[in-house]
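What follows is a single structure, written as structure tokens, with notes after it.
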Amino acid sequence: MRQTHFLNARLADGTLADLAVTGGRFSAIAPAANAAAPPAGAVDLAGQLVLPAFVEGHIHLDTSFYGDAWRPHIPCTDGFDVRERVAFQMRSLEQAAPMDERAKNQLELCVGHGSLAMRSHVMVDAAVGLKHVETILGVREKYRELIDIQLVAFPQSGILSSPGTAELLDEALKLGCDLIGGLDPASFDRDVNGHLDVVFGLAERRGVGVDIHLHDGGTLGLFEIEEICARTAAMSMQGKVAVSHAYALGDISADTLARAGEMLAASGVAIMTNAPGNHPFPPVAALRKAGVTVFAGSDNIRDSWWPYGDGDMLNRANMIGYRSAFYEDRELEAACDLVSHAGAKALGLEGYGIAVGAKADFVALKAEHVPEAVVAVPRERTVFRRGMLVARDSRMTS
Ligand SMILES: [Zn+2]
């Protein structure tokens, strides 16, 4: 079995270690030996910090224009409106470059920065049918050696308000999507139970997890989160359900938030945030303290929802830390956790981390420790997949 050695790797605890990788997994982690005759082919990391490869917990591979022509953002006519944004998106996509090209551009951007696991939502509705799912499944297959991708069958145009979508979602799961998505059951479909009946019904029938886009704020959004938690607990789906965005958690009182945190932790529902600039977003520290799994994603990159995003999850950790006023080392470490270990937990990844037996998917970068990595976001870094170099300085090597 192929064995590779990495010398002088700085671990999260600050110590220097030599790492051995056998058959794509860490087979030994020992204090740096500074041996006079290192093993043949050994890679000297020269004291660089080694982090487990980042987890991109929420992205849209089908709707990004990254690498395509620049498309100026069109604002909503009267404040943020999901339905209007979806209409803008449909118009923009009609003029976009082929989807597989755009998806590959975005994937390579993410891998280049060190994300080797990803969850992408893929649009399913009566207008596009399964076209997006089929294309992105093809892209996933081409990149399977390089990155692990989970796909969410995502009803971007609602379920009840887009007749035929429930059947298409079922087909998407049969084709290979790993999770069933949802979208604002109240404000979009105006039928919380009807929407969640379809989502959780499909989850049960196909044995898949759930990841719901929830932009609804305040008590309405909180009510939907309560319903999602209740169904998750009733179906014993702890650890398999996530709510993406959950803006409501960012605009409720501290007492209400404390109760919501307890409920989310008890029912095993994870929360994804990208700390968007124009919305209240879930209070990361309070939720983590309550025992909630909070993870992160880029969400949209250069698409019709907004022009921002660079596919760098370390930069995302920086943004979330900045918006959360994380200054202390332990807080900066928490920001990094959102894009690494917590993300792996939310996605249910096997063999994650810098540990003997774990998959040797890691990033080496110039930083003294995790807090410095989060604030400095070094672009100079190398990315290894199963112990093999796949990217250097934010670009894929092959
Ligand atoms: Zn999204």
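The values are calculated or read from the model by the stated rules, or taken from the named source; none is laboratory data. Worth saying up front: this structure is predicted, and the values here are computed from it rather than measured. When we count neighbours, we look across all protein chains shown, and the Cβ atoms used for this are built from the backbone with ideal geometry, even at glycine.
Annotations
- As a summary of the residue check, Ala358 satisfies the conditions (1) more than 23 Å from Asp148 (Cβ to Cβ); (2) in the same structural domain as Gly23 (by TED's automatic domain parsing); (3) of a type in the set (Gly, Ala, Ser) except for the one numbered (1).
- Matching residues in segment 72-97 - criterion: being more than 24 Å from the chain's Cα centre (by Cα), assigned to a loop (DSSP other than H, G, I, E, B) and of a type outside the set (A, V, I, L, M, F, W, C): Pro72, Pro75, Asp78, Gln95
- Just so you know, in segment 14-40 the residues that are of a type in the set (A, V, I, L, M) and exposed (fewer than 12 other Cβ atoms within 10 Å of the Cβ) include one that is farthest from Gly387 (Cα to Cα), and it is Ala36.
- Evaluating Ala153 against the criteria (1) more than 16 Å from the ligand (Cβ to nearest atom); (2) on the phi < 0 side of the Ramachandran plot leaves one unmet condition, (1).
- Pairing each residue of segment 209-229 that is more than 13 Å from Leu183 (Cα to Cα) with any residue that is buried (at least 20 other Cβ atoms within 10 Å of the Cβ) and basic (Lys, Arg), provided the two are 6+ apart or on different chains, yields C-beta distances under 8 Å for Gly209/Lys240.
- Index of the failed condition, Phe88 passing every other in (1) in contact with a Phe, Trp or Tyr (Cβ under 9 Å, 6 or more places away or on another chain); (2) aromatic (Phe, Trp, Tyr); (3) buried (at least 24 other Cβ atoms within 10 Å of the Cβ): (3)
- Qualifying positions in segment 233-251 - closer than 17 Å to Ser324 by Cβ, modelled with pLDDT of 95 or more and assigned to a loop (DSSP other than H, G, I, E, B): Ala246
- Looking across segment 181-197, the residues that are farther than 21 Å from Ser120 by Cβ and touching a residue at least 24 places away in the same chain (Cβ under 8 Å) come down to Pro185, Ala186, Ser187, Asp189, Arg190, Asp191, Val192, Asn193, Gly194, His195, Leu196.
- Just one of the listed residues (Glu171, Glu167, Glu145) is free of Cβ contacts under 8 Å to residues at least 12 places away in the same chain and not hydrophobic (A, V, I, L, M, F, W, C), namely Glu167.
- Total residues in segment 92-132, condition away from the ligand (no atom under 16 Å from the Cβ), in contact with a strand residue (DSSP E or B) (Cβ under 7 Å, 6 or more places away or on another chain) and of a type in the set (A, V, I, L, M, F, W, C): 3
- Residues of segment 98-131 that turn out to be under 22 Å from Gly182 (Cα atoms) and within 17 Å of the chain's Cα centre (by Cα), as a count: 8
- Residue identified as in contact with a strand residue (DSSP E or B) (Cβ under 9 Å, 6 or more places away or on another chain), modelled with pLDDT of 95 or more and surrounded by fewer than 22 Cβ atoms within 10 Å (Cβ to Cβ) among Thr135, Thr165: Thr135
- For first residues located in segment 277-303 and assigned to a loop (DSSP other than H, G, I, E, B), partners that are at pLDDT 95 or above and aromatic (Phe, Trp, Tyr) and lie 6+ apart or on another chain with Cβ distances below 9 Å form the pairs His279/Tyr247; Pro280/Tyr247; Phe281/Tyr247; Pro282/Tyr247.
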